[in-house]
């Protein structure tokens, strides 16, 4: 079938299997071009099919020849209907990994559930024995608690007052003012339940109790801080409360890992175009300006460059540098004073008319459509594509 992008707001309803495959191959090629490292050898990635999670799986496999298990929740294809992009990403990764002689298997289902945790544990025991790294990179908007059955839904809201500032509709390029009403009721509790650290700790507690974690085990969860421009709706909003909980959980997990010399870290990553970030008001305008500045400075990174630097220049170095709150800061280039000063000046000038010149809206849109396998260089979108793609290592 001929597959075209069909969008609704910040979501693309279709995905292109060939474009997703090319994206994955490009990331694999990047890691192959980098020096190999004495990194992890048995890796579990929770949220392994897109963004930072996918980059973590690729970096582990091709940076240090790691065996990888990926857990994700993706929609499979049907005749005449495409799968979600993460399905095609995972299919492309596993197909290439198997060709290259690498162990790679996947589990598709609700990572919050006891059933998926148990299935993953059994696969680790049967095939790997233990894991030495767990990457936690979930970005779900909802969670059903596995013990109580209560369903929580996260919200993107400020705390204490209405937030008003500019944003951009990246489809049209229109810069406009947006107001977001403050959270109310159980919004904070629900957001923390979805995006905080409880599920991360549940994974670690289960795997450790069953002897599935190696000595010197490491686990990393991904977070974001961002600049003052976005803090009212992000770091000081409901999501920020969830990130605070996630970061506090890292210390709790480390305490439980003392007997195996294990460590839990939170890595604060750079602002990038992801399905999750596209949904956050103000962020698309900020990223458009940030991209312009960082590309001009020659320090722009995508997911794969960020994670390669995290693994090779942070996690597996002798002296891991942490900030005052005990976090790894791989957002260091984004948060440089000179970069933020330039972005702030551009923010004051940003209008519908000026943005095409002072920002990188084109780069933002390209990255957005790349997430779904569209606008990828070297792909013939006029050619028939087979939507019925299987993931070779998917477990029943």
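Taken together, the values in this text are just the output of simple stated rules run on the coordinates, not laboratory data. This is a predicted model, so every value here is computed, not measured. Reconstructed Cβ throughout: ideal geometry from the backbone, glycine too, with neighbour counts over all protein chains shown.
At a glance:
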quantity: FRET efficiency, residue 174 to residue 322 (Cβ-Cβ, R0 45 Å, nearest 0.05); calculated: 0.65
quantity: Per residue Cα convex hull volume in Å³ - calculated over region 176-238; calculated: 108
quantity: Per-residue [θ]222 nm for the chain (sum of -39500 (n - 2.57) over DSSP H runs n ≥ 4, rounded to 500); calculated: -11500 deg cm²/dmol
quantity: Between region 272-293 and region 359-390, the Cα center-to-center distance that results, in Å; calculated: 18
quantity: Reciprocal of mean inverse Cα separation for region 15-57 (Kirkwood radius, Å); calculated: 11.7
quantity: Whole-Å semi-axes of the ellipsoid equivalent to region 255-361 (Cα gyration tensor, √5λ, descending); calculated: 32, 14, 12
quantity: Extension gain, residue 259 back to residue 142 (0.36 nm per residue minus Cα-Cα distance, nm); calculated: 38.7 nm
quantity: Percent of Cα-Cα distances greater than 17 Å, calculated over region 1-138; calculated: 59
quantity: Share of Cα-Cα pairs in the chain lying beyond 40 Å, as whole percent; calculated: 11
quantity: Centroid-to-centroid separation of region 153-210 and region 1-60 [C-alpha atoms, Å]; calculated: 24
quantity: Range of Cα positions in region 312-396 per principal axis (Å), largest first; calculated: 49, 48, 22
quantity: Mean Cβ neighbour count within 10 Å, used as a protection proxy, ranking 284-291, 362-369, 183-190 highest first; calculated: 284-291, 362-369, 183-190
quantity: Max mean-square fluctuation residue, GNM over the chain, Cα-Cα springs under 10 Å, options 359, 51, 80; calculated: 80
quantity: Cα-derived Rg over Rh, computed across region 141-184 with Rh taken as Kirkwood radius; calculated: 1.20
quantity: Centroid-to-centroid separation of region 101-125 and region 335-357 [C-alpha atoms, Å]; calculated: 43
quantity: Gain upon complete extension [residue 295, residue 7; 0.36 nm per residue less C-alpha separation]; calculated: 101.0 nm
quantity: Antiparallel DSSP beta bridges within the chain, percent to nearest 5; calculated: 30
quantity: Cα gyration tensor shape of region 29-89, rounded if a/c is under 1.5, else prolate or oblate by comparing a/b with b/c; calculated: prolate
quantity: Computed lengthening from residue 32 to residue 337, 0.36 nm per intervening residue step minus Cα-Cα distance; calculated: 106.5 nm
